[in-house]
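Below: the structure, in C-alpha cells.
Just so it is clear, none of the values below were taken in a lab; they were calculated from the coordinates. A quick note: this is a predicted structure, and the numbers were derived from the prediction, not measured. Cβ coordinates were reconstructed from backbone atoms using ideal geometry, including for glycine residues, and neighbour counts include every protein chain displayed.
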Amino acid sequence: MMNTNFLRQISRQIRRHPLFYGLNLLGLGLGIACAFVLLSYVRQEWSYDRSIPDGEQIYRIGTNFMDMGGFAISQEKLQPVLQEKCQAVAYATRFRGSSGFTFEADQQTFPVDAGLYVDTNFFRVFPYEFIEGQAGDALVTPDQIVLTEEVAQRIFGTGPYLGKTLSLKDEKSTFSVAGIVRPFPGKTHLPAGAWLSVAPQLSDDRSWTSARYYTYVKLNSQSDKGNLEDFFAQLQREEIHPQSAPNTSFETWIGGSQAVHFYVQPLQEIYLYSDLNMDLISGGNPTQVWILGIIGVFILLMAGVNYVNLSTATASARAKEIGIKKTMGANQSQLIVQFLGESLTLSLLAMVVAGSLSGLLLKLLETVSGEVLLSSILDGTPQWLLLLGFSVLTGLLAGAYPAFHLSRFQPVWALKSDSMGHRKGHLRNVLVVFQFSIAAALMIGSLVIFRQLSYMQNSDKGFQHDNVLVIRNFNDLGTKKETLREMVEQNSQVVTTSINSRMPAGYNLWRATYQSETMDQAISLNGFPIDEHYLSAMDIKLLEGRNFSGDLATDTSNVILNESAVKALELEEPIGAVLNDDRRVIGVVSDFNFESFRNQIAPIVFNYDVDGYQLAIKLTGNDLPGFVRHLEDSWSQLAGDEKIRYYFLDDNLAELSAKEAVLSRAIGIFTVLALFIACLGLFGLTTHATSRRAKEIGVRKVLGATVSQIVVLLSRDFLSLVALAFAIGIPVAWILVNKWLQGFVYRIDLNWWMFAAPAIAGVVIAFLTLSYQSVSAALNNPAEVLKDE
Amino acid sequence: MIVLKDLEKSIRSGLKKVWLLNQINLEIQEGEFVTIMGPSGAGKTTLLNILGMLETSSGGEYYFYDEAIHRLNERRRNEIHKEYMGFVFQAYHLIDDLTVYENIETPLLYRNVKSKDRKSIVADVLDRFNIVAKKDLFPDQLSGGQQQLVGVARAIIHKPRLLLADEPTGNLHSKQGEQIMDLFKELNDQGVTIVQVTHSEKNAEYGTRIIELVDGNIKNDEVIREIPKRIEV
C-alpha cells in the first residue's frame, strides 16, 4: 500500500521553508525548461524525413563535375540510367524545385509557396498518402496536378476535389486535380503543397556535365548504400570516362578536374549533414545541434545538482525525522520511497514551472537569435511526454542520492546528532565545483564565439562592402540598361557604378578551367566577370599591372588574378604571362574574403565583360532612403511593371556568418541561465551555511570580529571552490573553443584575457551571490543570536 | 522475555577501545516494569538502545523470546523491533510537520495497516489519552506534557509487548511527569513490559525492579514489587 502521508508533509514543508523550496523549484524548473527547449530543438533537427515510410531505403544522388563543387542536383539522364541499369534501385525519380506557384481559379489568385515539378515515379519513391486519386494515375499527363488537402481546401473550399481545374497565373495552361495527398506527419526537407508534371521541361540532355534535376532513388529491400556506390564506380569507369575522355587513362581522368563524381546521401541525413550547393532547403547545423544539446544536458545536471546539494545540506533538519521514523518501525525502503516521492512531487511541480518558462524561453531565444530555431514546443503528445519524462527523470536522479543517503542514517545516531550538515560536505563541494566548471566553460565559450563572430563581421575583408547596393535584375531592362546607369550616376550620392556578374558573398557558379604553360593539367577557378569600375567600386587593391580599360578592345581576352590565383597557376612573373586560350594576365589584385571565413580565400580570375547582369552602386551613404526612392522612381520609368530587385552587399555578407550569429546568441542566453542556476544553488548553500553558523558568528562578534572579517570568513570557502571550478573549466574550455576555431581558416587568436575576464566575472558574480547572506549574517546583533542558548 | 549473556558494547575512540557496557547478564520476564538507573555515562541509554534493537552489541548474546538477536541480520532484527517494541524519548521526538493525529498514525503506516483500521485505532487511542481535541494541532502548539502524551500514544498504538522509555519525564515538570508515570503504570498493569531509564528515584518507584548501572557494569539489581497480575481490557 502506498503511503501518501508524504504529500501532506511536503506541502507543509513548502509552506514552512518557502525560500528553500522556492529556490529548488525555480532552479529545477529553469533547468528542465532549458533542457526541454534545447533537446526539443535537437529532436526536431534529428527528426527530419524520419516520418517518410521506408525512408532508410531512400537516397539522393548529388554530383560534382569540372571541380565545381558538390551539387544536390544531378544530370537529367541520371534517372533513366539508374532506373534501367541499376539492379539495386526499385524506383528512381527526378524532379525540379520551384520557388512557388500562383494559381488562378474562379478569377481569384492563390499563391502556394511550396511546389515541385515531378515525374511519375515521384509518388512511388515518396509514398504520400492519397486521400483522393491514386499514386499510379497522378501526373501521367502534363495537364494534371496533385495538391495537398490544405492547399486544395484553400483554393476550392470543400471537396471532393478530383477533376477540378485551375490555371497558373500568366500562363495559358490549365491543370486538373489528379490527386489529393496528405503530407508526411513529421518535418521533411521536401516542400509539399503542389506537384506538377516535370515532363514538359525535359530536354533529352545527354550531357554528364550539366545538372538540373534532383535525383532520388528507393532501393529494393535487399540492397544498401554500398550497392549504389558500386554502381556509380562502375558507371564512371565503363560509361562516363570512355565517353568524355577516351584519350586519357581512367586514373588521370578521375583525379583531374574533368572528372564526374557522385554523392550518395541517405535521405535522413540530408537535412542535417548535406552541405551541397543548390539544396532544396538550407539545411541544419550539426555543430550547433550538438553544442546546444550538450548544453541542455549540462544545464539539467546543474539543476539536479542544486537539488542534491540543498537536500543534503539540510539533512540535519531531516535527520531527526528519519531517526524517529526508523524507531517507529520504518525500514530503509519505506524511507527511500518517501524521499523519492518528495523529489518526484517537487520535480512535477518544477515541470509546471518549466512548462510555463519554456514558452517564454523559446520566445526569448527567437527574439535574440533572430531565427526560429524550434517551430513549436508544447505541441502534441510526444512533446508533453518528453517534458514529463525529463521531469520524472530529474526527480528520480536528483532524489536518488538524498534518498539513499538520508535513509541510511542509523536511528540512534540521527536522533543524537544535530550536525549532520557538516558531514559529507565533500560531495557538495565537488558538485559546486562541477557546476561552476560548466558555467566557466560556457562563459569562456560564449565569449570566444562572440569574438570570432565580431571578427568575421568587422575585420577588414580586403575590400569595401558598406553602402553598396546591387540591382540583381538589372538585365531585365534590356536595351535601357545604360540609360538607368546614367540616371543613377546623376545622383550626388553615387560614388561609382559597376556592371558585373558576380559580387562577393553572392551565390554564383562562374567557374572556368585555366592552365599556365608550366602546368600539366587545367584547374577549375572562380570567375568574376566585371567591368573597369568594379575594382574601384569595391576598393580592391591592385598590386601589380593595370586595371581593365574601357578603351582597349583586346581587354576581353585579358585577365586579372588575385594573389591566390597567381599561386594556383604557379606563375613566377604573373604580368604578361599567357594562359590557355591566349589569355594574358594584365594585373594582380590582393586577396579578399569573398566567402565564409571558414574557407581559405580561393583563386579568382577576373574577366572583362561589360555586359554583366547586375549593377553594383557604391554610395556615399549620406541618405540611403532618399537614394532608394530615387532609384525606384528611375527604375519604374524605364521598366514599367517589372519590379526592381536589389540588395545591400552588407546584408549578404552578414548571411555568411549567420550560423555563428545564431549560435553566439543562443549560447549567450544559456550561459546566463546556467550561471543563474549555479548561483541559485550557491545562494541556497550559503543560506544554509550561515544559519548553521549563526551562533559561531555571534560569538566571534562578541569577541571583537569586524563585519568584513565575518564576511571573509563566510565567503572564503565557497569562493575558493568557485576559483577551483574556473581552474578546471579553463583548460576544458580551451580545448573546446580551440577545436571550434579550427573550423575557420580566418580566426581570432586565443588570448589570456578571454579566459581571465570570464574567471574574474564569475568570481565576482559568485561573491555578490554569497555576500547577501554573509553580510546580513555579519550585521546581525550577536545578542539576538545567542540569547536562546 | 529477554535474556542477556555477557553482553558487551565497545567503541573505538582514537587508538583506544572504550567499553560502554561490560559483561552484562540480565533476565527480564514478561510483565516487568524495569527501571535502569545510574550516573551519566554509565551506559543506560546504550543498554536501552540495544534492547530496542536500535544499536547492536559488540559481543555476548541477546535472546528475545528465545530468538538469538545477536545472530540475526538487520532485516529480521527490524521486523522483530517493528512487531514488539515501542519507544518514548526524553525530547518527545514528534515530527514537526505532522499533526498529533498523523504523528500517532505513523507507526501504523509502516506496518501496512489498512486505512479504515488505522482510523478506528487512532480514534481509540486519542480517546483513551484524552487528546481528541488536540488531534489537528502541530507539536509546537502543545505543552511539553501534552507532547509526551502524544509520544506515549504513538509508542503504544501498534500494541507493542515491550515499551522502552529513555528519561520520559526528563523535560517535564513534576505534575506532568506524574501523569506520564501514572500512564506507564496503567500500561504495565495491562501487561505491557516496560524498561525505562531515569535519574528520578520517584519515577523508579512506579516500577517493579531497579537495576543500577555504573561504568557499564550492573552494580545492583533489586526487585521492589511483584509483577502485577494482568488486567484484561
Relative to the compact-globule estimate 2.2 N^0.38 Å (N residues), the Cα gyration radius of segment B:2-223 stands at a ratio of 1.03
Taking only C-alpha positions in segment A:543-611, Rg and Dmax in angstrom work out to 12.3, 39
Between the alpha carbon centres of segment A:514-561 and segment A:363-414 the gap in Å comes to 61 Å
The residues B:Lys9, A:Lys480, A:Lys739, sorted from fewest to most surrounding Cβ atoms within 10 Å, come out as A:Lys739, A:Lys480, B:Lys9
So for R0 = 60 Å, FRET eff. of A:Asn751-B:Arg12 from the Cβ-Cβ r, to 0.05, ends up at 0.60
Using the Kirkwood radius over Cα pairs of segment A:67-257, the Stokes-Einstein translational diffusion coefficient at 25 °C and 0.890 mPa s, in µm²/s and rounded to a whole number, is 133 µm²/s
XL table B:Lys9/B:Lys159; A:Lys172/A:Lys218; B:Lys16/B:Lys219; A:Lys695/B:Lys219; B:Lys9/B:Lys114; Cα-Cα > 32 Å flagged, in table order, is A:Lys172/A:Lys218; A:Lys695/B:Lys219; B:Lys9/B:Lys114
Expressed in nanometres to one decimal, the distance between label points 7 Å along Cα→Cβ at A:Leu543 and A:Leu364 is 4.9 nm
Per residue of B:78-85, other chain Cβ atoms within 10 Å number on average 3
As a percent rounded to 5, the proportion of antiparallel DSSP bridges among beta bridges in segment B:2-223 is 55 percent
One finds the C-alpha centres of segment A:312-350 and segment B:44-93 to be spaced, in Å, by 23 Å
If the chain between A:Ala400 and A:Ser708 were fully extended at 0.36 nm per residue, the gain over the current Cα-Cα distance would be 107.0 nm
With a Förster distance of 35 angstrom and the Cβ-Cβ distance between A:Val430 and A:Leu779, calculated FRET efficiency to the nearest 0.05 equals 0.65
Gyration tensor (Cα only) of the protein assembly as shown to equivalent ellipsoid, semi-axes in Å sorted down, yields 83, 34, 27
With Rg from the Cα atoms and Rh as the Kirkwood inverse mean 1/r over Cα pairs, segment A:452-525 has an Rg/Rh of 1.10
Averaged over residues of B:96-108, the number of beta carbons from other chains lying within 10 Å of each residue's Cβ is 4
For segment B:115-121, Karplus-derived ³J(HN,Hα) couplings (6.51, -1.76, 1.60; θ = phi - 60°; whole Hz; x for glycine and proline) come out as 3, 5, 5, 4, 4, 6, 5
In whole angstrom, the spacing between the Cα centers of segment A:435-472 and segment A:721-780 equals 20 Å
Per the charge dipole of the protein assembly as shown (beta-carbon charges, Lys/Arg positive, Asp/Glu negative, Cα centre), the residue among A:Ile294, A:Pro53, A:Leu19 reaching farthest to the positive end is A:Leu19
Once both label points are put 7 Å beyond Cα along the C-beta direction, the A:Tyr647-A:Ser454 separation in nm becomes 2.6 nm
By the mean-Cβ-within-10 Å protection proxy, highest first, A:441-448, A:396-403 rank as A:441-448, A:396-403
Along segment A:51-56, Karplus-curve 3J(HN,Hα) (6.51, -1.76, 1.60; θ = phi - 60°) to the nearest Hz, with x for Gly and Pro, reads 8, 7, x, 6, x, 6
Among the Cα-Cα pairs of segment A:570-728, the proportion with separation greater than 25 Å, in percent, is 68 percent
Taking max minus min of the Cα coordinates of segment A:291-370 on each principal axis, largest first, gives extents in Å of 60, 21, 19
Counting other chain Cβ atoms within 10 Å of each Cβ in A:327-338 and taking the mean gives 6
So A:Lys225 and A:Trp413, fully extended at 0.36 nm per residue minus their Cα-Cα distance, gain in nm 61.1 nm
Mean Cβ-within-10 Å packing, highest first, puts peptides A:527-536, B:68-77 in the order A:527-536, B:68-77
The lysines whose Cα lies under 19 Å from the Cα of A:Lys169, excluding any fewer than 8 residues away in the same chain, are A:Lys643
Taking every DSSP bridge whose two residues both lie in chain A, the antiparallel percent to the nearest 5 is 75 percent
So A:Gln490 and A:Leu385, fully extended at 0.36 nm per residue minus their Cα-Cα distance, gain in nm 31.3 nm
Here the residues of segment A:174-202 lying in the modelled label zone of A:Ser376, meaning backbone nitrogen under 19 Å from a point 7 Å along Cα-to-Cβ, are A:182-193
Cross-link reach from B:Lys17 to aspartates and glutamates, straight Cα distance under 15 Å and at least 8 residues apart if same chain, gives B:Glu8, B:Asp215
The residues A:His426, B:His81, sorted from fewest to most surrounding Cβ atoms within 10 Å, come out as A:His426, B:His81
Quick calc, the protein assembly as shown, dipole around Cα centre from Cβ unit charges on Lys, Arg (+) and Asp, Glu (-), nearest 20 debye, gives 4900 debye
Going residue by residue through segment A:427-442, the Karplus relation 6.51 cos²θ - 1.76 cosθ + 1.60 with θ = phi - 60° gives ³J(HN,Hα) values, rounded to whole Hz and with x marking Gly or Pro, of 4, 4, 4, 4, 5, 4, 4, 4, 4, 6, 5, 5, 4, 5, 4, 5
Each label sits 7 Å from Cα toward the beta-carbon; between A:Asp623 and A:Gln134 the label points are separated, in nm, by 6.9 nm
Kirkwood calc, segment A:676-746, C-alpha pairs only, radius in angstrom 15.1 Å
The base-10 log of I(q)/I(0) that the Debye equation returns for segment A:468-656 at q = 0.10, 0.11, 0.17, 0.19 Å⁻¹, one scatterer per C-alpha, is -0.43, -0.52, -1.11, -1.30
FRET efficiency for A:Glu570 and A:Ile294 from the Cβ-Cβ distance with R0 = 60 Å, rounded to 0.05, comes out at 0.85
Here the percent of antiparallel bridges among DSSP beta bridges lying wholly in segment A:67-257, to the nearest 5, is 75 percent
